[in-house]
Amino acid sequence: MSKRGIREVRKGVRGVKKGTRRTKMGRGLEFLFFTADRCPVCKQVKPLVLKIAKESGVKVRTIDVNTDEGRGLASQFLVRGLPTVVVRRGGRAVESCAGSAIPARLRAVIG
């Protein structure tokens, strides 16, 4: 995500996990993980997403977005169900996946 984009996320949308830092991603990936406190599947999938990001060997930044608070960002990325992960590379969304298919799709994108 560009510096401008991360500023917009941090300032304009509530629900983004605090502590998100601006960094130059280069050829790295960014996972926007859309979740909600009331979503039990989100709680099951999140550790898998973090594990895939850690084991990928590629620089990956994961940003949690609580859709109860960050509806604007969720509508911007056309999130229709939870959990949803939007994969961004070079400031552009390259993949979006939802539900229990997230781990397999993320491995395919990284692979």
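The values are calculated or read from the model by the stated rules, or taken from the named source; none is laboratory data. For clarity, every value in this text was computed on a predicted model and none was experimentally measured. For neighbour counting, all protein chains shown are included, and Cβ atoms are generated from backbone atoms with ideal geometry for every residue, glycine included.
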May I ask you to list the residues in region 88-111 that are within 24 Å of Arg38 (Cα to Cα) and either among the aromatic types (Phe, Trp, Tyr) or surrounded by 19 or more Cβ atoms within 10 Å (Cβ to Cβ) (or both)? Ile102, Leu106
Can you name the residue in region 61-87 that is in contact with a Ser or Thr (Cβ under 6 Å, 6 or more places away or on another chain) and of a type in the set (Val, Ile, Thr) and is also surrounded by the most Cβ atoms within 10 Å (Cβ to Cβ) among such residues? Val86
Examine region 9-24 for a residue that is assigned to a loop (DSSP other than H, G, I, E, B), within 19 Å of Gly81 (Cα to Cα), under 13 Å from the mean Cα position of the chain (by Cα) and modelled with pLDDT under 90, and state whether such a residue exists. yes
For region 35-60, what are the residues that are surrounded by fewer than 18 Cβ atoms within 10 Å (Cβ to Cβ) and of a type outside the set (A, V, I, L, M)? Asp37, Arg38, Pro40, Lys43, Gln44, Pro47, Lys51, Lys54, Glu55, Ser56, Gly57, Lys59
